[in-house]
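Heads up: the structure comes next, in structure tokens.
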Amino acid sequence: GMYSFVVFRGGTTSVATVNVTKEETWEGFNVKLQGALGAGKVYGVAYVDPGEAEKKAKICRNAGEWVDCMACMLRESDRELEIDLLDQPPVKPYRLSLKLNKKEKKKISYPNPYEREVTFELSASTEHAVLKEKSVTIPKGEKGPIILSFPPVSEPRTETIIVGLHEKDSDFTHTVKIIAAWSTD
């Protein structure tokens with residue numbers, strides 16, 4: 001039997017339908033998806049498992065997550081599952097508390113979502129945060145450190161700092177949004 005993924009790209013009208021058998025692989029699905037869209041690489045897809053009370057979107061971007069996505073599809077009585085395309089990785093927010101008049105170092109752990117090693121080239125949006133390394137290589141399924149140092153700040157304030165992690169072997173840029181708050185306590 002065939003199963004249908006109904007594909008959306010941000011809007012309310014579907015842009016494609018991708019038919020698969022229950023033995024479909026993540027790689028095979030990707031080829032069909034790109035064929036249906038006539039588009040290049042897709043970071044992943046998001047879907048909601050109707051069987052879950054929380055109805056939180058799940059992301060599928062590798063073979064491991066594809067197993068869960070297909071399991072969800074197989075539970076659909078109408079053999080249809082709606083999916084949203086993710087052109088870029090979702091933004092990861094972090095909050096950092098920093099002390100006034102003090103040089104501080106902070107470490108953020110960023111997960112590698114792939115089933116392969118990945119190297120990210122790092123960039124920061126401001127001079128108020130200095131990246132220790134210009135790139136980080138993270139083994140598959142592990143987390144890698146992003147180390148930031150903050151020069152002393154004399155007045156309490158909050159700043160949003162964007163750290164970009166650009167994948168060397170694709171056009172994807174992962175975004176870390178840091179809300180840094182300097183205060184006396």
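The values are calculated or read from the model by the stated rules, or taken from the named source; none is laboratory data. This is a predicted model, so every value here is computed, not measured. Ideal geometry is used to build each Cβ from the backbone, glycine not excepted, and the neighbour counts take in all protein chains shown. Areas reflect the complete protein model, heavy atoms only, side chains present, ligands, DNA and RNA absent. Shrake-Rupley method; radii C 1.70, N 1.55, O 1.52, S 1.80 Å.
Annotations
- Within region 71-86, one or more residues are in contact with an Asp or Glu (Cβ under 6 Å, 6 or more places away or on another chain), under 30 Å from Thr13 (Cα atoms) and open to solvent by less than 50 Å² (accessible area, probe 1.4 Å).
- From Thr119, Thr137, residue being open to solvent by 60 Å² or more (accessible area, probe 1.4 Å), farther than 30 Å from Met2 by Cα and part of a strand (DSSP E or B): Thr137
- Residues being free of Cβ contacts under 8 Å to residues at least 60 places away in the same chain and of a type in the set (Val, Ile, Thr) - total across region 87-125: 2
- For region 87-96, filtered to residues that are over 12 Å from the mean Cα position of the chain (by Cα) and not aromatic (Phe, Trp, Tyr), the residue that is surrounded by the most Cβ atoms within 10 Å (Cβ to Cβ) is Leu96.
- Only one of the numbered conditions (1) open to solvent by less than 70 Å² (accessible area, probe 1.4 Å); (2) free of Cβ contacts under 8 Å to residues at least 40 places away in the same chain is violated by Gly64, and that is (2).
- One residue from Glu54, Glu27 being in contact (Cβ under 8 Å) with a residue 24 or more places away in the chain, surrounded by fewer than 15 Cβ atoms within 10 Å (Cβ to Cβ) and among the acidic types (Asp, Glu): Glu27
- Taken over region 170-185, residues that are closer than 14 Å to Thr119 by Cβ and not in a loop (DSSP other than H, G, I, E, B) amount to 2.
- Number of positions in region 140-185 that are closer than 15 Å to Asn101 by Cβ and without any contact (Cβ under 8 Å) to a residue 40 or more places away in the chain: 2
- One residue stands out in region 140-169 among those that are closer than 19 Å to Lys92 by Cα and assigned to a loop (DSSP other than H, G, I, E, B): the one that is most open to solvent (accessible area, probe 1.4 Å), namely Lys140.
- If you check Val42, Val48 for being out of contact with any His (no Cβ under 9 Å at 6 or more places or on another chain), surrounded by 11 or more Cβ atoms within 10 Å (Cβ to Cβ), closer than 26 Å to Thr175 by Cα and in contact (Cβ under 8 Å) with a residue 40 or more places away in the chain, only one passes: Val42.
- Criterion violated by Pro113 - all others in (1) within 29 Å of Gln34 (Cα to Cα); (2) in a strand (DSSP E or B); (3) at pLDDT below 95 satisfied: (2)
- Scanning region 99-116 for residues that are open to solvent by 60 Å² or more (accessible area, probe 1.4 Å) and over 18 Å from the mean Cα position of the chain (by Cα), we see that the one that is nearest to Pro151 (Cα to Cα) is Lys103.
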